[in-house]
Amino acid sequence: MDFVDSVELAGTRVTRDGYLVADVRVARRGIQVYAGREVGCPELATVRVLRPADEVFSADSMASAAYRPVTVEHPPGMVDARNWKAVTVGFTGGEVARDGDFLRVPLLVADADAIADVRDGKRELSAGYTAKIVFEPGETPEGEAFDARLADIALNHVAIVDAGRAGPQCRIGDASPTAVLQHHKEEPKMDLLTILVDGASIQTTADGAKAVEALTAALRDAKTRADKAEGDIAALAARHGSAIEAKDGEMAALAAAHKAAIEAKDGEIAALAARIPDVAAFDAAIAARSALIDSARKLLGSDYAFAGKTEADIRRAAVAKRLGDKAVDGRSDDYVVAAFDTLVASAAAAPPDPVRDAIRTQAPVTVGDSIQGRADAYREYVEYLKSAHKAQETN
């Protein structure tokens, strides 16, 4: 974004060739107030913009102040090789330095008319520069609030103006009692405003700014109407497309519902088929449970109620009976199976000893008939299988 900022000349002298030479302040750090339209925010009356010291006095910013064109008033745009000859009346020197809050640089005015303007009172300087404006509100260490700050400041030219934004501290001043600035006369001043038009800064009068703003508003209104027309067309096309998509969706939903109904019936048939027991598997399961109960009874005794217990429950109870609850707490099923098999094998190897078992368990032991035990186990398992499918249907 392009900016202009004003200061005042100080310490002038005239060379033998008639040139005006001065050591001037061309910029300063701190907060400066811009009209909202100057910084692309026409909806705001003013914007307080901070020029941070680390940006104003950065190496790149100070280097950009050397050998810059000097103009009388700001040209319509920035100065470059195409308009340099038409607008330049002098230039800055190369010895750029910091002067407190200001940026100081040597300046030479070589044009006679421009020197005459200085003699007649046009004494302040306005720096034209490019910078990035960052809308980021904050507060300076001194407690001054700001709305935005500048970054990447690059000076383009220095303009001699009647009154600049940086104030009278930055102006062409007298170097000696015989300085050239002794014929000051008051002239009517025309206040110029800098406004931002399509990304470029231009200077114009207050009436000109109003005209530009009116034209900009008219263009903005025309664009709004055109955008609305395009939006209406797009909305009609979208509604037509939505209607077609809705019909396609209804057809797809009907097809999906039909397919789902068929799949549901197939699932019901498969579930009913799965409930038909496999006779061989049924017999094998009864035999396995009967064998498990026979083995577990050797460890648990004939008083243990096997009905309703799973095979895992029976094994854990048997191991806990022999080795204590800690032997099964937190153990995996595989571990319990191995422990159970080991205990069963040990019990088979040792002859039955009811007295020993009574002493170990401290409870009366009834030595039952193994044939009766197998019959009881078979009966309990049959009852379990008869009721198992009812529990599944309930779930």
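Annotation: of all residues in segment 61-90 being closer than 14 Å to residue 114 by Cα and among the hydroxyl-bearing types (Ser, Thr, Tyr), the one that is farthest from the chain's Cα centre (by Cα) is 88. Within segment 274-293, residues that are in the same structural domain as residue 343 (by the TED database) and free of Cβ contacts under 8 Å to residues at least 24 places away in the same chain have Cβ atoms under 8 Å from residues that are surrounded by 10 or more Cβ atoms within 10 Å (Cβ to Cβ) and of a type in the set (S, T, N, Q) in no pair, counting only partners at least 6 apart in sequence or on another chain. Restricting attention to segment 74-130, the residues that are among the polar types (S, T, N, Q) and surrounded by fewer than 18 Cβ atoms within 10 Å (Cβ to Cβ) add up to 2. Taken over segment 106-161, the residue count meeting the criterion of being part of a loop (DSSP other than H, G, I, E, B) and among the β-branched types (Val, Ile, Thr) is 1. Any residue at all in segment 300-320 that's among the hydroxyl-bearing types (Ser, Thr, Tyr) and touching a residue at least 12 places away in the same chain (Cβ under 8 Å)? For segment 300-320, residues among the hydroxyl-bearing types (Ser, Thr, Tyr) and touching a residue at least 12 places away in the same chain (Cβ under 8 Å): present.
There is no residue in segment 41-54 that is in a helix (DSSP H, G or I) and in contact with a Leu (Cβ under 8 Å, 6 or more places away or on another chain).
Considering each of 248, 221 in turn, give the residue that is closer than 30 Å to residue 43 by Cα, surrounded by 10 or more Cβ atoms within 10 Å (Cβ to Cβ), over 33 Å from the mean Cα position of the chain (by Cα) and without any contact (Cβ under 8 Å) to a residue 24 or more places away in the chain. Write out each step before concluding.
On the way: 248 fails: closer than 30 Å to residue 43 by Cα.
221 is the lone residue from the list that is closer than 30 Å to residue 43 by Cα, surrounded by 10 or more Cβ atoms within 10 Å (Cβ to Cβ), over 33 Å from the mean Cα position of the chain (by Cα) and without any contact (Cβ under 8 Å) to a residue 24 or more places away in the chain.
Determine, yes or no, whether residue 256 is surrounded by 10 or more Cβ atoms within 10 Å (Cβ to Cβ), modelled with pLDDT of 90 or more and in a helix (DSSP H, G or I).
Working: surrounded by 10 or more Cβ atoms within 10 Å (Cβ to Cβ): yes; modelled with pLDDT of 90 or more: yes; in a helix (DSSP H, G or I): yes.
Yes: the conditions hold for residue 256.
In segment 46-67, is there at least one residue being surrounded by fewer than 16 Cβ atoms within 10 Å (Cβ to Cβ) and in contact with a helix residue (DSSP H, G or I) (Cβ under 8 Å, 6 or more places away or on another chain)? Within segment 46-67, one or more residues are surrounded by fewer than 16 Cβ atoms within 10 Å (Cβ to Cβ) and in contact with a helix residue (DSSP H, G or I) (Cβ under 8 Å, 6 or more places away or on another chain).
The values are calculated or read from the model by the stated rules, or taken from the named source; none is laboratory data. Source: prediction; values computed, not measured. Every residue, glycine among them, receives a Cβ derived from its backbone with ideal geometry; neighbour counts consider all protein chains shown.
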